[in-house]
Structure formats: structure tokens, C-alpha cells
Amino acid sequence: MRRGWVLALASMTIVLVVVDLTAVTIALPDIRADLGASLVQVQWVVDAYALTLAAALLPAGVLADRYGRRRLLVIGVSIFTVASLACALAPTAPLLDLARGVQGLGASALYGTTTPLIGAAYPEGPDRGKALGIFSAVSGLAMTLGPVVGGALTSAFGWRAIFLINLPIGAFVLVALRQRVAESRGRGHLDPLGILLITAALFAIIPALIHDLPALLVAGLVLLAVFVLVERRASEPMIDLGLFRNRVFAVGSGTTLLMLAALLGAFTYLTLYVQGPLDTSPAEAGARFLAFSVAAVIGPVAIGRVLHKWPMGVLIAVGPAVIAVALLVMAVPAADPWTPIMVGLFLGGLGLGAGNVVANQVGLTAPMDRVGMATGIVNTLKQVGTAVGVAVLAAPYRSGLVPLLLIAAALALAGALLPVALRGRSRPATPPPAAPYAAAPPARPALWSRRRARNRRSSRSGPPPG
């Protein structure tokens with residue numbers, strides 16, 4: 001297996017996932033006009049994709065561990081590509097919504113297998129840190145440039161081009177996966193009842209958070225509690241709850257949720273603010289948000305260089321701490337409101353980029369045969385965190401941007417303080433340099449023993465002749 005190909009193909013697939021999550025938003029007015037869709041139908045063009053993506057992430061990670069990560073990635077790319085064609089050809093809004101749901105299902109397999117494949121290709125150490133840095137930089141760039149790409153394609157060729165562009169990319173990835181990437185597996189357990197419960201719970205919780213539906217939220221939480229009880233009693237659970245006994249994984253997962261809730265929840269309302277009270281055109285707003293895009297590329301590369309050197313507690317805290325500072329800077333009053341916003345956008349991009357790299361590394365701290373499961377949990381928490389942030393920050397936004405930013409900063413700060421529980425722990429990402437020698441590798445003692453034996457034989461036989 002060629003490691004460069006693994007990283008390149010993983011990066012290409014994550015671009016497909018993220019761009020189709022963000023690029024479509026810019027084309028919604030054209031889709032609504034072309035298909036004569038209602039507002040609710042247009043909302044589901046985005047929600048159907050995001051919901052199936054989030055709900056299927058955990059089962060996708062477990063299935064990848066059990067049946068092969070490359071195999072599931074091939075299946076996911078195939079589903080994603082065919083669903084993209086169906087989206088491009090959809091004659092009505094309901095059929096487009098249905099195709100988007102299937103596309104999100106394929107995207108969950110892409111999202112749930114790329115990080116474990118990188119973990120299998122790159123051993124612990126500097127190379128893995130650099131690879132994760134590049135992978136996260138590509139993901140961050142795709143997230144922020146998605147609307148730009150969507151706007152350009154829609155303006156030049158129409159909204160259907162956003163989906164048609166996926167076809168040649170998907171075909172290339174499928175061919176390259178079979179020829180350039182080796183298979184890797186773990187020991188995930190297929191648990192139909194667990195899959196049904198967690199999928200139903202997330203299908204209830206995420207829409208309830210986004211659309212403020214308390215009854216549906218309660219139903220989702222009940223299903224989630226039942227899922228936990230079933231998994232605790234199962235002899236071979238779909239999700240090993242014992243992963244959360246690892247403090248690095250537990251703290252890193254909680255920090256990831258709070259970090260995404262703070263930043264992406266705040267940015268949802270920041271985009272409304274700059275195009276509302278600040279009366280900024282979409283084109284100008286997009287140009288100014290490039291500061292976030294550039295920083296989202298710099299952050300992963302920078303943190304990737306020290307990923308194997310710093311303690312995990314420090315690494316986990318970096319992203320949310322920088323995000324907290326970014327949100328507080330944007331809340332500072334100024335004669336030109338764009339000055340603190342631009343500084344905050346740049347810092348926020350740095351924090352999100354660095355935080356995403358560490359979140360990927362947190363998933364890789366699990367045993368290698370459970371990495372698909374662990375990364376599925378972390379990626380699901382990213383989606384849930386975004387939904388939580390949008391829901392929690394809606395009320396303070398009605399009072400103004402500053403109250404929203406202060407509450408979002410408090411969420412990020414809470415995420416930065418969680419890793420205090422890891423203070424004093426060793427670096428789980430890579431053992432310290434002295435560890436291999438302290439462990440006394442067996443080859444050296446054997447060699448030393450042979451030398452001592454030869455010396456003893458030489459001393460018994462006397463000095464060499466003349």
C-alpha cells in the first residue's frame with residue numbers, strides 16, 4: 001500500500017463529502033425557482049443529507065472495522081456517485097430530497113473510513129501527524145470554499161452541475177482505491193438492534209435541535225438511553241462503551257462537541273448578521289470570510305508538526321482555547337465592526353483547523369481494531385455539536401450578536417478546560433523517546449548475551465597463541 005495514495009484518496013473523498021454539504025446552500029434559491037419547491041422542501045435539500053450523514057456515521061465505522069475499511073469506502077463512493085447523478089436528474093423537489101438522503105448515506109461511509117485508513121497507513125509519530133494535518137487542512141478548505149465553488153458552478157452551468165461534478169471524481173476514486181489501497185480491518189460487531197436504536201435516536205435528536213421540537217427531542221433522548229442500556233448488556237456490543245474509560249478519548253470527544261457547538265453555531269448567526277444589520281452583499285461577505293478559509297488551512301499544518309510531541313491534554317485544549325479568544329475578540333466594540341470580526345475569523349479558522357486535527361487523533365488513540373468505531377463516535381459528535389450550537393445560540397442571538405458571542409465563547413472555554421483532567425498524563429499519541437530503551441528490546445540482550453558467552457569461552461581457553 002502506497003501511503004501517499006491513501007492520503008490523496010482520503011482527501012479527495014472528504015472534499016466530496018464536505019463540498020456537497022456546503023456548496024448546495026448557495027444554490028437553494030435556484031433550486032426552489034427551477035423545481036417550484038416550497039420552503040420546507042428546500043430546507044430538506046440540506047437537512048436530508050446532513051441527517052443521514054450524521055445518523056449513519058456510527059454504523060458505518062463499525063461495519064468498516066468488521067468487513068474492511070477499503071471495501072466500505074468503495075461501497076460508499078459508489079452510493080454517493082450514483083445518488084449524485086440522481087440529484088442532478090431529479091425532476092421534482094421530493095425526489096431531490098430523497099436522492100440527497102441516499103447521498104448522505106454514502107457520505108457516511110466516506111466520512112467513517114478515511115481517518116482509519118490513514119491511521120493504518122501511517123504509524124504513530126511525525127508522519128502520522130503531518131498526514132492528519134494535511135487531511136484536516138483539505139477538509140477545512142473544502143468546508144469554507146464550498147459555497148464559493150457552488151456559486152461559481154451554479155452561475156456558469158446551473159445548480160445541477162454541483163452534483164454532476166461528482167461523477168468523474170467518484171469514478172477516479174473507485175478505480176484508484178482498488179489498485180492503490182490495501183485492505184485493513186478491525187473487529188467491529190454487527191448489532192442490528194443497536195444500529196436501529198442509535199439511528200432512530202439521532203434521526204429524532206438532530207432535527208429536534210435544528211427545528212426546536214421538544215417532544216421529538218425527548219423521544220430521541222429516550223431512544224438514546226435505551227441504546228446505552230442495550231449496549232451495556234450486550235456480549236458483543238456495536239459500540240464499545242469501554243472506549244470512554246480512556247480519559248483521552250472521553251475528554252477529547254466532549255471537547256470536540258463543545259468546540260463545534262461554539263464556533264459553527266456562532267458562525268451560523270454571524271453570516272445572518274453580516275448580511276443583515278451590516279448590510280453586506282453575499283459576494284463581499286464571502287470574500288471577507290476567506291480569512292477564515294486561509295487560517296483553516298494554516299491551523300492543521302501547524303498543529304500537525306507538534307502532534308507527536310505535545311501532551312494530549314495540551315493538544316486537545318488548543319483548538320477550543322483559540323476559538324474562545326476568537327469569539328471574544330469579535331465581541332469587542334469598535335468604530336468599524338469589521339475589524340474585530342476579521343481578526344476573529346482568522347483566529348477561529350486557526351482554532352477549528354487545529355481542533356479538527358486533534359479530534360482525528362483522538363479517534364486514533366483507540367485500539368487499532370476499534371478505530372472505525374472510535375472515529376465514527378467523534379465524527380457523529382461533530383454533527384451533533386453543530387446542531388446543539390445552532391439550537392442553544394438561537395435565543396441569545398435575538399438579544400444581539402454580542403450576547404451570542406459571549407455565550408459561544410463560554411462553550412468553547414468549557415471545552416478548553418475539560419483537558420485539565422489529563423494533566424500530568426504521558427503523550428498517548430507517541431511514547432517518549434526513552435520508552436523503547438526502557439522497555440529493553442529483546443534483540444539487544446540476546447546480542448549482549450552472545451558476546452558475553454564468547455568472552456567467557458575465550459578466557460577459559462587462555463590467551464591466543466604467539
Measuring from the longest principal axis of the C-alpha atoms of the chain, the long axis of helix 338-364 (C-alpha) lies at a number of degrees, nearest 10, equal to 40
Estimated D of the range 255-348 in µm² per second, where Rh is the Kirkwood radius over Cα pairs and Stokes-Einstein applies at 20 °C, 1.002 mPa s: 150
Mind sorting His211, His308 by how few other Cβ atoms lie within 10 Å of their own Cβ, fewest first? His211, His308
Decide, for the range 93-204, between rounded, prolate and oblate: order the square roots of the alpha carbon gyration tensor eigenvalues as a ≥ b ≥ c, take rounded if a/c falls under 1.5, and otherwise choose prolate if a/b is larger than b/c, else oblate. oblate
Estimated FRET transfer efficiency (Val314, Leu95; beta-carbon r; R0 41 Å; 0.05): 0.25
Descending principal axes extents, the range 1-187, alpha-carbon based, whole Å: 52, 29, 24
Mind giving me the FRET efficiency for Val226 and Ala335? R0 is 56 Å, r the Cβ-Cβ distance, nearest 0.05 is fine. 0.50
Output wanted: per-residue J couplings in Hz (rounded whole) for the range 41-51, from phi through Karplus 6.51 cos²θ - 1.76 cosθ + 1.60, θ = phi - 60°, x for Gly and Pro. 5, 5, 4, 6, 4, 8, 5, 4, 5, 5, 5
Gain in span if fully extended, Ala394 to Ser281, counting 0.36 nm per residue against the direct Cα distance: 38.4 nm
Theoretical ellipticity at 222 nm over the chain - DSSP helices of four or more residues, -39500 (n - 2.57) apiece, nearest 500: -27000 deg cm²/dmol
Among Tyr111, Tyr269, what is the fewest-to-most ranking by other Cβ atoms within 10 Å? Tyr269, Tyr111
Cα shape, the range 240-422, gyration tensor, a/c 1.5 rule: prolate
Measuring from the longest principal axis of the C-alpha atoms of the chain, the long axis of helix 126-157 (C-alpha) lies at a number of degrees, nearest 10, equal to 20
Going by the alpha-carbon gyration tensor, a ≥ b ≥ c the square roots of its eigenvalues, is the range 1-79 rounded (a/c under 1.5) or, if a/c is not under 1.5, prolate (a/b greater than b/c) versus oblate? prolate
Met330, Met368 arranged by Cβ crowding within 10 Å, fewest neighbours leading: Met368, Met330
Percent of alpha-carbon pairs separated by more than 45 Å within the chain: 14
Just to confirm the number: angle between the C-alpha axis of helix 312-330 and the first principal axis of the chain, 0 to 90 degrees, nearest 10? 30
Distance from the range 1-49 to the range 95-114 (C-alpha centre basis), Å: 9
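Any read-out appearing in this document is the output of simple, stated calculations on the displayed coordinates, not a laboratory observation. None of the values given here were measured: they were computed from a predicted structure. Cβ atoms come from the backbone with ideal geometry, glycine included; neighbour counts cover every protein chain shown.
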